[in-house]
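Enquirer: Here it is, the structure in full.
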Amino acid sequence: MQKVYGNIQGIKASHIKQLQQLYEEQQPADRFITPEFAQTLAAISTTIHHPICCYINRRGQVIRIAVGTPNQTQIPEAELPRHSAERLSRIRCIATQFKSEPPDTAALVAMVSQHLDALVSLSVANNQVQEAFLVYLAPDLETPWIVSPPLSLADLTEQDFSDLITEWEKDIADAGGIISPQDNFSDQDRVLLVGVQTDNISAQRFEDGLIELVRLVDSAGGIVLDTMRQKRSHPHPQTVVGKGKIEEIKLAAQKVGANLIVFDRDISPSQARNLEKEIGLRVGDRTEVILDIFAQRARTQEGKLQVELAQLEYMLPRLRGRGQEMSRLGAGIGTRGPGETKLETERRTIQRRIAQLQQEVNQLQAHRARIRQQRQQQEVSVVALVGYTNAGKSTLLNILTNAEVYTADQLFATLDPTTRKVVITQPETQERRTILLTDTVGFIHELPPSLVDAFRATLEEVIEADVLLHLIDLSHPAWESHIASVQDILQEMSAIPEKDLIAFNKIDRVDSETLAQAQEKYPQAVFISATERLGLETLKQHLLQLIDEPVEAVAVTQNSY
């Protein structure tokens, strides 16, 4: 017997058999449906208390019977006949519903995504069809469908389907085809963001995180189409969000033409698999987006090495269940980088590669340690630039040292550490002093542990420096939160320099109230604008004073944090 699709849990075997028998009902090629078949659908649907969808090809053959709504019972793309924007799929859907109103948006969006010939919605009650709604695609409207007024079953079954479908396809071809939402975009990932606010996250922190995630996706080369939110006491253990919200996400993704769902938090491999199964699209998280940015930005061999290690460690537990339809190979967020060709290989092979990469990172650590030892023998002080991503560290390095480090108004524009000399003239003695300024990878709230571990060779530049210069983008609305995030990451390191200086950057972009607030809270900080070259001489002199100051004195007087 033919398979009955959809949610058949709890339906009696006798009713399943009735549904299977529908496959044997041949419909006329020039009619949407016969009155007798419509009444049969109504009777079964009323009996089982579930909507039914019957998919029929143009030869009148029933090719799919499913329990559920048109949105819940969509035919997978791989199983649909080949069609183009100018042509329909040669399949119509006859659906029952228990309300006397036009089909909902979810059903209409499902119709568009499958390019169905038509959607016939039968309103049923008491084993009978009460009225029907006919929906067909119309390419010249803002919403690409037309819904008929309520029709009687007699009016519906008397209409000539073959003449209508010829007329509709001609209109579609003349208009240049059906415009699906995804047709408005290039090959970039089309992303729907999902934010989950739990009890331990403040409303402001939650909204700041979503704004940052938009920038992360943009930096990764994706396009954010829409953002959905849900407030829960804690994430759902299997799917992060509730079942109702999953249906909303699925519908929203179809409406806007998204091909990737990104959550604002880390999700487990099993949660990702469950969500992909329910939604039918790739599902990623914040860490995956950050890893993708790192994969794109790594330029040096050591940077690529560290990114590959982080990617493989992240993806290893997520390999299970990546079938052909959910393959991670290809283009797009979460699929790029040195490790992309290894993601579908055997787990043991990947584990061996991880072990090899970790050994290479250890060698890199030793190499950097030797370089630092040489610097120490030359008795040249080292200042490590740290700060939240996009605070302006590379721009400051370029201006102070005449370097040519890549800069852009993007998150994680530069990854690879760069060390350059800075010559400072002391005003009293006119003595020229040389220090080394090292630009480090930008920090971010909840920096993924896999990245922290993989970049330990790079982050040791911070540990071994004589002074930390913590740069803050004062023009960012969440600058105070950024300070806290950088502090959290620094405190997780084994040891950091006891001397530090806070420098607030981009003061040319802030109002006097924000500037006064920061000056009151951080009286020992320096206020600069790297691009406008404001306060740079003051910054240099403060760095010299801090370098020359005994550690004991710093420990007593330091109150910058």
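No value in this document is a laboratory result; all are computed from the given coordinates. For clarity, every value in this text was computed on a predicted model and none was experimentally measured. No Cβ is skipped: glycine too gets one built from the backbone with ideal geometry, and neighbour counts run over all protein chains shown.
Enquirer: What is the magnitude of the charge dipole of the chain about its Cα centre, with +1 placed on the Cβ of each Lys and Arg, -1 on the Cβ of each Asp and Glu, and no other charges, expressed in debye to the nearest 20?
Expert: Values: 57 positive and 75 negative charges, 374 e Å.
Dipole about the Cα centre, nearest 20: 1800 debye.
Enquirer: Also: Tell me, Kirkwood radius of the range 4-179 from alpha-carbon pair distances, in Å? Show your work: numbers first, answer last.
Expert: Details: mean 1/r = 0.0620 Å⁻¹.
About 16.1 Å, per the Kirkwood formula over Cα pairs.
Enquirer: Now for a separate question. If you fit an axis through the alpha-carbon atoms of helix 286-297 and take the longest principal axis of the Cα set of the chain, what angle between them do you get, 0 to 90°, nearest 10?
Expert: Roughly 60 degrees, rounded to the nearest 10.
Enquirer: What percentage of all Cα-Cα pairs in the chain are separated by more than 40 Å?
Expert: 42 percent
Enquirer: Follow-up question, since we're still on this one. Taking 22 Å as R0, compute the FRET efficiency from the Cβ-Cβ separation of THR46 and LEU151 and round it to 0.05.
Expert: Approximately 0.65, to the nearest 0.05.
Enquirer: So what's the net charge close to PRO149: Lys and Arg +1, Asp and Glu -1, counting the other residues with Cβ under 11 Å from its Cβ?
Expert: Here the count lands on -2.
Enquirer: Quick one: which of LYS304/LYS393; LYS17/LYS99; LYS170/LYS250; LYS243/LYS304; LYS245/LYS304; LYS99/LYS170 span more than 28 angstrom between C-alpha atoms?
Expert: In this structure, LYS170/LYS250; LYS243/LYS304; LYS245/LYS304; LYS99/LYS170 exceed 28 Å between Cα atoms.
Enquirer: Ignoring everything except DSSP H segments at least 4 long, calculate the 222 nm mean residue ellipticity for the chain; use -39,500 (n - 2.57) per segment, divide by total residues, nearest 500.
Expert: Theoretical 222 nm ellipticity from helices: -12000 deg cm²/dmol.
Enquirer: Compute the FRET efficiency between GLU379 and GLU79 as 1/(1 + (r/R0)^6), taking r as their Cβ-Cβ distance and R0 = 56 Å, and round to the nearest 0.05.
Expert: That pair, GLU379 with GLU79, gives E of 0.20.
Enquirer: Sort the following peptides by mean Cβ neighbour count (other Cβ atoms within 10 Å, averaged over residues), highest first: 497-505, 166-174.
Expert: On the way: 497-505: 21.7, 166-174: 14.4.
Peptide ranking by packing, descending: 497-505, 166-174.
Enquirer: Going by amide H atoms built from the backbone, whose H comes under 5 Å of the H on ARG282, apart from near neighbours?
Expert: ILE261
Enquirer: Can you give the net charge of the other residues whose Cβ lies under 14 Å from the Cβ of ALA253, counting K and R as +1 and D and E as -1?
Expert: Cβ neighbours under 14 Å give a net charge of -2.
Enquirer: Mind giving me the nanometre distance, one decimal, between the label points for GLU492 and LYS3, set 7 Å out from Cα along Cα→Cβ?
Expert: If labels sit at GLU492 and LYS3, their model points lie 4.4 nm apart.
Enquirer: To the nearest 0.05, how large is the calculated FRET efficiency for GLN365 and HIS15 if R₀ is 56 Å and r is the Cβ-Cβ distance?
Expert: 0.25
Enquirer: Taking amide hydrogens as modeled 1.01 Å from N in the peptide plane, which residues meet the under 5 Å criterion relative to THR425, leaving out close sequence neighbours?
Expert: ARG433
Enquirer: May I ask for the net charge around GLU446, where only other residues with Cβ less than 12 Å from the Cβ of GLU446 are counted and Lys, Arg are +1 while Asp, Glu are -1?
Expert: -3
Enquirer: So what J values fall out for the range 396-401 if you push phi through Karplus, 6.51 cos²θ - 1.76 cosθ + 1.60 with θ = phi - 60°, rounded to Hz, Gly and Pro as x?
Expert: Per-residue couplings from phi come out as 5, 4, 4, 6, 6, 10 Hz.
Enquirer: Let me ask something else about it. Using a/c under 1.5 as the rounded threshold, could you call the range 415-531 rounded, prolate or oblate? The axes a ≥ b ≥ c are square roots of the C-alpha gyration tensor eigenvalues, and prolate needs a/b larger than b/c, oblate otherwise.
Expert: oblate
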